[in-house]
Each structure stands twice: as structure tokens, then as C-alpha cells.
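The values are calculated or read from the model by the stated rules, or taken from the named source; none is laboratory data. Just so it is clear, the model here is predicted, and its values are computed rather than measured. Neighbour counts run over all protein chains shown; Cβ positions are idealised from the backbone, glycine included. Accessible surface is based on the protein model in full, side chains and every heavy atom, while ligands, DNA and RNA are left aside. Shrake-Rupley method; radii C 1.70, N 1.55, O 1.52, S 1.80 Å.
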Amino acid sequence: MLITLKEAANRLKAADKILITAHVQPDGDAIGSTLAAMLMLRSIGKTAQIYVDDIARKNLQALPHFEEIRRPKDGEKFDADLLLVLDTSTDRIGNVRKLTDAPILNIDHHVTNKGGDGDLYLEPAAAATCEIVFKLADELDAPITPDVATCLYTGLATDTGFFQFSNTRAETLFAASELIRCGVSPNFISEELERKSLAEVMGLRAALNSLKMYYGDKVAVMTIDHATAKTFDSTEGFIDEIRVIDTVDVAFLITEKAPNFCRVSMRSKGVDVSKIAAKLGGGGHLRAAGCTLKTTLAEAERLLVAAIGEAL
Ligand code: 5GP
Ligand code: MN
């Protein structure tokens, strides 16, 4: 059921033990929003614990309280009276679903979130889930400490490409401004997030070498094979290197995470890539979306090129 932010806050106020989670392949918004929510809920007297069924990229580990995030173990249970699912629909949280049968409160900004599993506060115009959690602090009367602010600012920054993408709106910059007032150091966050290992930069070189152009250079595709992919932990930012090509409307990055398991990132300047991703079992936003294809790298590329051909 769709609910308002005030109703979402009331669900949280009525609960005592809250299990918080976000999507697998967690990004800055997933980790930032869960950490901020955990700290805010604790500060108003709740028991709150984060579980995420994946490993986050190293750069996010500098966030305050990151070390408290747990990964569910086989057969593990967690005693909760509410499951708070942030930054994703409830079908992308892996084995966290098995930890509890508690009712679900879902807070998200992905236009592809169809809800149907518990209560949903959906705000597709929000640049990041962190932008929503920032407003939630007010509803909960929870203080925005410097640690909370750091986590929230990280999600705003990562989901907007440091306030450059079209999802950046007045509310986003208002939230960022308030968060700086609450103690954020923007340079600390950007320096942590931009750091790359040598293997990652070499991976970017290999990815750029694989670049192929389709449909009169409107579509750019980069691939990373498994042997290269396993030498580093994140491809964050790679796709931006080809998205900027002046003729490009749609860019794809296909990463072979394991044999017959390809992660796809999509970026667009016009075409609605969330529709293409949803058709292939994924989701996302108008200009940034993704999916997983259980095929070889070559087959994944063929599927994507065919799908985008229909959309152009
Ligand atoms: P990225 O390319 O940065 O991994 O993802 C871009 C956007 O698409 C993010 O908002 C991300 O949450 C969403 N997204 C990526 N992969 C998937 C997927 O497999 N399923 C869904 N529902 N959303 C995805
Ligand atoms: Mn997000």
C-alpha cells in the first residue's frame, strides 16, 4: 500500500526493534541511507540493526558505523517488529528477507518500484533515498548529528554524480546545504569516494579498450571479462567515461562478475533506460538503470544491442 512520509514515520515510531536493509550491490545511497536511518532510530530510543546481503565497495567503508553492518548467515533469524527496506523494491535484498517475518516498511525513489509487499513510501522525484531520509529526520524528531549528516550527504552525492545529474533538484541542494551546516566535510567524502586501486584504473583501461559503437555512434558498449573483473571491487564511474561521448545517447557497461553472470549498467541522455532494464528483469531510473543477465558476455551484449535498437 502507498503511504505518506508522515505515515512512514508513524510506523517507525510504533516499532521498537527495527531491522534495516537495502539492495544487493549496495551503492553510496543504499549504505548512506541505512546507516543514517540506524543512527536516527537509535537516537530516538529504538533498537536498530542493519543487514545487507552483499559486500560494499571499499570506499564506503570510511562511513561512520559501517563496521556494524552485518551480512545474514544461513538459517540466521533476527528478532524485529519492523523490516525497513531502503533504496530498493523488496525483491532485491537477498537473504535478509529470511531473517524475519516482521511487516515491511519500504522507502524508495526508484520509479520502477511496483510495491505490493508491505507499506511503501515512494518518491520518484527525490534524487536519492538519502534525500527522503533527510526529511524523515524531521518527522521523527531525530537529530542530524555529524555522523548522520555524513551518511546522508554521501547518498546525495553518489546518486547525483556530485550534484551534476538531471535528478538534482532544489530540495537536493537544500538538503546538502543543511547537512553541511550539521557538520559534513564535502571534501572528506569526495576524497574517500574518488580513491581507486591501481587494478581498478587498469580495469578502466581494459574496459575502454573494449569500447564498441552501434546505431550511428548513438550507443556505446563497454565490457569487462571475468578475469579482469575479479581483480578489483567496483566499476563505479566507468560508464561516465563513455556516457560523455558527444554522439552517445545510451551507454552500457557489461561486467562479467562470474561465468554466465553479467551485471549491466545503463545510462542515457534521453531514452528511458528504466524500461529496457525492467524488460530484462532489472530496474532503475529514466537515465540510470541496470539489470543482471545470466548469459555469456557476448550474448549479453547481443541482447542489449537488440533491446536498445527497438527503443531508439
Ligand atoms: P548502477 O548502474 O549504478 O549499478 O545502477 C543504476 C541504477 O539502476 C541504480 O539506481 C540502481 O539501483 C538501479 N539498478 C541497477 N541494477 C538493478 C537491478 O538489477 N534491478 C533493479 N531493480 N534496479 C537496478
Ligand atoms: Mn538510490
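Observations on the model:
- Residue in segment 12-26 that is in contact with a Leu (Cβ under 9 Å, 6 or more places away or on another chain), within 17 Å of T158 (Cβ to Cβ) and in a loop (DSSP other than H, G, I, E, B) present: yes
- Annotation: V111 fulfils all but one of (1) of a type in the set (A, V, I, L, M); (2) within 16 Å of ligand 1 (Cβ to nearest atom); (3) closer than 23 Å to C151 by Cβ; (4) part of a loop (DSSP other than H, G, I, E, B); the unmet one is (3).
- Looking only at segment 1-49, residues that are open to solvent by 10 Å² or more (accessible area, probe 1.4 Å) and either of a type in the set (D, E) or more than 16 Å from ligand 1 (Cβ to nearest atom) (or both) come to 22 in all.
- In this structure, C291 qualifies as within 10 Å of ligand 1 (Cβ to nearest atom) and open to solvent by less than 30 Å² (accessible area, probe 1.4 Å).
- The single condition among (1) closer than 22 Å to A149 by Cβ; (2) outside any helix (DSSP H, G or I); (3) within 15 Å of ligand 2 (Cβ to nearest atom) that I50 does not meet is (3).
- Identity of the residue in segment 226-252, crowded, with 17+ Cβ neighbours inside 10 Å and touching a residue at least 40 places away in the same chain (Cβ under 8 Å), that ends up farthest from V305 (Cα to Cα): S234
- For segment 168-177, the tally of residues that are over 13 Å from C130 (Cα atoms) and either buried (at least 16 other Cβ atoms within 10 Å of the Cβ) or not charged (D, E, K, R) (or both) stands at 2.
- Those helices (runs of 4 or more DSSP H) of segment 154-215 in which at least 1 residues are within 27 Å of P124 (Cα to Cα), considering only elements entirely within it, cover 170-181, 186-194.
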